[in-house]
Amino acid sequence: MSGRDGRLGVGVIGAGRVGPVLAAALAGAGHALVGISAATDDERDRVAALLPGAPVLDVPAIVERSELVIIAVPDDQLPDLVAGLARLGAWQPGQLVLHTAARYGTAVLDPARAAGAIPLAVHPALAFTGTSVDLARLRDAWCAVSAPAPVLPIAQALVVEMGAEPVVIDEGDRAAYADAVGAVAAFSSALIGQSVAALRAIGVDEPGRLLGGVVRSAVENALQSGAVESVDKLDR
């Protein structure tokens, strides 16, 4: 933490749907945004919308200037990015490095840890839109948190500051966690897409609005049903 007020200088690598939202949430909690990387016009537009006036910097500059580095890139890019920055000597002792990939725990951050950085893995269990809508949704969301025991409270505190609830996932369980969350997201997207197409085919002008209530109530019923309770009991 920096200064007496506990604020961090936060830098974000990746301006897809996740990074700018988390940056905005932490800025709203009083942390200082040092900079964010943005490689495409869409990413720069997203930064301008969610983080007006935020410095757009290259990745090495972000790492150099930040006390907390959030890496919000696709899962398959994460290992090479962390290792490449280590080869450049970019990571700093005492620096917090947080990635948002569902599948990985903190082992993927070992090249940064070898340089003295503090590894944190935080995955928000949320289907992001990359808009301000996500800031409200974060307040009802949970985040999977993995970190070495001495620094686990730091990761949990950051999640709470973003407005979400932390749930601790063991390092060895991250793949199972990612499969479970990914299966729900993929299944729901595919099924809703089929239903939207079917309704459009029969002349429904706004199938999304028609299905909205059905989807929300069906999900709530499923999560509160005896079937879910039965699975929970079997897992105990």
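Tabulated results
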item	result
Qualifying residue in region 123-143 (condition: among the aromatic types (Phe, Trp, Tyr) and without any contact (Cβ under 8 Å) to a residue 12 or more places away in the chain)	no
Flag for Val181 being at pLDDT 95 or above, hydrophobic (A, V, I, L, M, F, W, C) and surrounded by 12 or more Cβ atoms within 10 Å (Cβ to Cβ)	no
Given (1) buried (at least 22 other Cβ atoms within 10 Å of the Cβ); (2) part of a helix (DSSP H, G or I), index of the condition Val12 fails	(2)
Subset tally (residues that are among the small types (Gly, Ala, Ser), farther than 26 Å from Ala157 by Cβ and surrounded by 20 or more Cβ atoms within 10 Å (Cβ to Cβ)) for region 22-74	1
Top-ranked residue of region 162-201 - restricted to ones that are in contact with a strand residue (DSSP E or B) (Cβ under 7 Å, 6 or more places away or on another chain) and part of a helix (DSSP H, G or I), ranked as farthest from Asp75 (Cα to Cα)	Glu171
Conditions (1) closer than 24 Å to Asp45 by Cα; (2) modelled with pLDDT of 95 or more: number failed by Ala127	(2)
Any hit, region 53-73, residues being in contact with a Ser or Thr (Cβ under 7 Å, 6 or more places away or on another chain), in a helix (DSSP H, G or I) and either of a type in the set (Phe, Trp, Tyr) or over 21 Å from Arg113 (Cα atoms) (or both)	no
Residue that is surrounded by the fewest Cβ atoms within 10 Å (Cβ to Cβ) [pool: residues in region 139-161 that are in a loop (DSSP other than H, G, I, E, B) and touching a strand residue (DSSP E or B) at 6+ places or on another chain (Cβ under 8 Å)]	Pro148
Yes/no for Ser217 being in a helix (DSSP H, G or I), polar (S, T, N, Q) and modelled with pLDDT of 70 or more	no
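The values are calculated or read from the model by the stated rules, or taken from the named source; none is laboratory data. Predicted, not measured: the structure shown is a model, and the values here were computed from it. Because the Cβ atoms are built from the backbone with ideal geometry, glycine has one as well, and the counts that use them run over all protein chains shown.
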